[in-house]
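The values are calculated or read from the model by the stated rules, or taken from the named source; none is laboratory data. Computed from a predicted structure; not experimentally measured. Glycine gets a Cβ as well: all are built from the backbone with ideal geometry, and neighbour counts include every protein chain shown. Just the protein is used for accessible areas: all its heavy atoms, side chains included, with ligands, DNA and RNA removed. Shrake-Rupley method; radii C 1.70, N 1.55, O 1.52, S 1.80 Å.
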Amino acid sequence: MTLDIGLKRFPFLEAKALHDAAVVCHRNADPDAYLSAFAVSALLRSLAPRCRVEIVTPGGMTTLTQKLSAKFPHPTVEVSGRDYDLYVAVDVGDEELLNEWKAKLESSRGVRVLVDHHPMRDGSLYDHAIVNERATSAAEVVFSIYQELGAALDRVTAQALLEAIMFDSSHLAIASPAGVRAVVKLMDAGADIALARKELRSEPDYGEVLAKLKGAQRLKIYKAGEWVAATSMVGSFQAHVARSLIYLGADLAVVGGEAEGETRVSLRSTQRFAENTGIQLGTQVAGEMSRRLGGHGGGHATAASFSTGKPEDEAMEETLKRVGELLGEPREIG
Ligand SMILES: [Mn+2]
């Protein structure tokens with residue numbers, strides 16, 4: 001589904017009516033969300049120079065995003081008592097990831113726009129949506145708006161968009177053709193790819209290192225058909241641990257754990273697994289599990305997650321059962 005109707009009409013509000021805008025990231029904002037928001041803000045201020053823009057990071061941002069936000073500074077809020085003329089939600093995916101901003105958008109009198117590359121399941125929260133599921137990052141979608149509007153792009157904004165694209169495409173390894181074309185144009189606009197690589201490098205986080213090593217220690221290995229699935233349980237950094245298990249060689253990784261009164265389960269698979277089985281982890285596993293167990297979840301073909309109020313053992317067991325329905329009964333082999 002590509003909903004790119006009205007790119008040219010962005011931000012769907014006359015410049016003279018635009019005084020106060022919020023660009024809203026998903027919770028725990030990642031570099032694609034924050035840097036896309038940064039570029040959306042620059043665009044809004046070029047269209048309406050007196051417009052005040054705040055970037056909203058519900059529940060804060062990741063460590064790497066914090067580091068990048070010092071390089072790309074912008075007024076940022078986690079909560080706000082004000083209503084805005086315009087809300088632009090970027091890179092959000094599941095509406096639940098807006099935390100309490102979902103209710104704020106629902107009751108707002110402002111114009112609500114979604115700019116995203118995640119599949120949109122229910123667009124009723126927004127007045128307008130610019131969604132391109134083929135894009136590997138929200139930043140590519142933002143860049144396409146700049147192009148459609150013929151808006152000028154300064155060097156700093158070009159750098160922000162380049163870093164967002166590189167972050168979401170594993171340093172271009174999985175970039176779409178349009179993503180690669182965008183990268184070339186951003187370099188033409190002054191962005192520096194070597195600098196982007198350097199700025200995207202994160203310092204090792206002690207908690208993450210421990211979670212990954214504990215995750216490896218608690219590893220269980222299954223064979224389902226011709227595929228090797230690995231599972232583990234850790235209290236935090238489930239997504240990082242799942243990704244590490246894929247680096248170790250698993251075709252599919254399922255990592256769960258309880259934190260803050262809920263169970264979070266992260267799923268990762270290789271591209272080869274997704275292509276050969278046709279399994280979309282976002283819709284067919286994470287989305288399905290959140291329906292079965294109660295909770296919320298979703299994601300992409302090879303990267304997804306869900307959270308539920310059920311205990312971690314039950315969530316893991318049910319997820320393996322679901323994997324069995326799709327691949328054939330998994331056998332534990334180690
Ligand atoms: Mn993204």
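Which shape class applies to the range 12-111: rounded if a/c is under 1.5, otherwise prolate when a/b exceeds b/c and oblate if not, where a ≥ b ≥ c are the square roots of the Cα gyration tensor eigenvalues? Oblate, since a/c reaches 1.5 and b/c is not below a/b. Within the listed set 103, 33, 129, the residue fluctuating most in the Gaussian network model of the chain (springs between alpha-carbon atoms under 10 angstrom) is 103. Please give the FRET efficiency for residue 270 paired with residue 151, using the beta carbon to beta carbon distance and R0 = 35 Å, rounded to the nearest 0.05. E between residue 270 and residue 151, to the nearest 0.05, is 0.35.
For the range 193-245, what is the relative contact order in percent, using Cα pairs closer than 8 Å and at least 6 residues apart in sequence? Numbers along the way, then the final one.
On the way: 39 pairs, mean separation 18.4, N = 53.
That works out to 35 percent.
For the range 2-200, a crude dipole built from +1 on the beta carbon of Lys and Arg and -1 on the beta carbon of Asp and Glu, taken about the Cα centre, is about 520 debye to the nearest 20. Three principal axis extents describe the C-alpha atoms of the range 2-200; from largest down they are 43, 34, 33 Å. Atom-type composition of the exposed protein surface of the chain places 50 percent of the accessible area on carbon and sulfur (1.4 angstrom probe). Over all pairs of different C-alpha atoms, the range 241-305 has a mean inverse distance whose reciprocal, the Kirkwood radius, equals 11.8 Å.
Ordered from largest to smallest accessible area (heavy atoms of protein chains, 1.4 Å probe), the residues 19, 128 come out as 19, 128. A straight Cα-to-Cα reach below 12 Å connects residue 310 with the aspartates and glutamates 258, 262, 318, residues fewer than 8 places away in its own chain not being considered. Among 298, 59, 93, the largest mean-square fluctuation in a Gaussian network model of the chain (Cα springs under 10 Å) belongs to 59. Looking at the range 117-212, the trypsin sites (Lys or Arg not before Pro) that sit in a DSSP loop and have at most 10 other Cβ atoms within 10 Å of their own Cβ are 201. Which part of the range 108-145 falls in the paramagnetic zone of residue 82, meaning amide N under 15 Å from the point 7 Å along Cα-to-beta-carbon? From the range 108-145, the list is 109-111.
Remark: relative contact order (the chain) = 13 percent; criterion is Cα-Cα distance under 8 angstrom and separation of 6 or more residues. The local environment of residue 169, defined by Cβ-Cβ distances under 14 Å, has a net charge of -3 under the rule Lys, Arg +1 and Asp, Glu -1. A full extension of the chain between residue 202 and residue 171 corresponds to an added length of 9.8 nm, given 0.36 nm per residue minus the alpha carbon distance.
Taking the Cβ of residue 322 as the center, what net charge do the other residues with Cβ under 13 Å away carry, scoring Lys and Arg +1 and Asp and Glu -1?
-3
Between the residues 15, 131, 190, the greatest Cα displacement towards the positive end of the dipole of the range 2-200, with unit charges on the Cβ of Lys, Arg, Asp and Glu, is found for 190. The calculated P(r) of the chain, using every Cα pair and 20 Å bins from 0, goes 32, 57, 12, 0 in percent.
Semi-axes of the equivalent ellipsoid for the range 207-332, computed as √(5λ) from the eigenvalues of its C-alpha gyration tensor and ordered from largest down, come to 19, 17, 13 Å.
How big is the gap, in Å, between the Cα center of the range 63-110 and the Cα center of the range 173-249? With the range 63-110 and the range 173-249 each reduced to a Cα centre, they are spaced 25 Å. DSSP beta bridges fully contained in the range 2-200 are about 10 percent antiparallel.
For the chain, modelled as a GNM whose springs connect Cα atoms under 10 angstrom apart, the maximal fluctuation among 186, 68, 13 occurs at 13. Here the relative contact order of the range 158-294, from alpha carbon pairs under 8 Å that lie six or more residues apart, stands at 14 percent.
With helices as the sole contributors, the chain gives -12000 deg cm²/dmol at 222 nm; each DSSP H run of n ≥ 4 counts as -39500 (n - 2.57), and the sum is divided by every residue.
Neighbours of residue 63 by Cβ distance under 9 Å: Lys/Arg scored +1, Asp/Glu scored -1, total -2. Taking the square roots of five times each eigenvalue of the Cα gyration tensor of the range 106-210, the equivalent ellipsoid has semi-axes of 26, 20, 13 Å, listed largest first.
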